[in-house]
Amino acid sequence: MKTLISDLSLVDFIGDRKGTFRVIVKVPAGFMSSCDLGSELPTLDTWKKGSLQTIEFCPDGYTYYITVFARKGNKIILMDKKIAENLSVGTINQLFSNTNLYSQNQYSFVKAKTWEDKAFVLNE
């Protein structure tokens, strides 16, 4: 994992563990709503721009959820390494261009040249 974004906290809660995911989204009416997703790791391009607020993970055998992606205004403050590994430049450019994830320096750092390239994994 390679990152130049200093105000982003990368955590490693998911790892190789199995569990269920839940998301908190802002609906068009302006209030928050939660959705249980099951055991599939969610991709960030599933929701409309600006609606995804939080992703939570509940490991098998536990009864509580751990926050693995958190947004506060126009700033992503926390993201799990498993989510970051799968995050493409295109997803950031389309859905998170007004946040701290959008960084041409970060793209250069990992040698990303196209929208399909990963934003936090070295592209060779």
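The values are calculated or read from the model by the stated rules, or taken from the named source; none is laboratory data. Since this is a predicted model, take the numbers as computed values, not measurements. All Cβ positions, glycine included, derive from the backbone under ideal geometry; neighbour counts span all protein chains shown.
Out of curiosity, is LEU44 touching a helix residue (DSSP H, G or I) at 6+ places or on another chain (Cβ under 7 Å) and closer than 23 Å to ASN123 by Cα?
Yes.
Please specify each residue of the stretch 100-111 satisfying the condition of being within 23 Å of GLY50 (Cβ to Cβ) and either hydroxyl-bearing (Ser, Thr, Tyr) or not in a helix (DSSP H, G or I) (or both).
Hits for the stretch 100-111 are ASN100, LEU101, TYR102, SER103, TYR107.
Return the only residue of ASP12, ASP16, ASP45, ASP36 being at pLDDT below 90 and acidic (Asp, Glu).
ASP45
Taking the stretch 59-113 as the search range and keeping residues that are among the aromatic types (Phe, Trp, Tyr) and without any contact (Cβ under 8 Å) to a residue 24 or more places away in the chain, which one is farthest from THR20 (Cα to Cα)?
Going through the qualifying residues, I end up with TYR107.
Please pick out the residue among ALA112, ALA119, ALA70 that is modelled with pLDDT of 95 or more, out of contact with any Cys (no Cβ under 7 Å at 6 or more places or on another chain) and surrounded by 14 or more Cβ atoms within 10 Å (Cβ to Cβ).
After ruling out the rest, the residue left standing is ALA70.
Take the residues in the stretch 38-58 that are surrounded by 15 or more Cβ atoms within 10 Å (Cβ to Cβ) and within 16 Å of GLY19 (Cβ to Cβ); name whichever of them is farthest from the chain's Cα centre (by Cα).
Filtering first and then ranking leaves CYS58.
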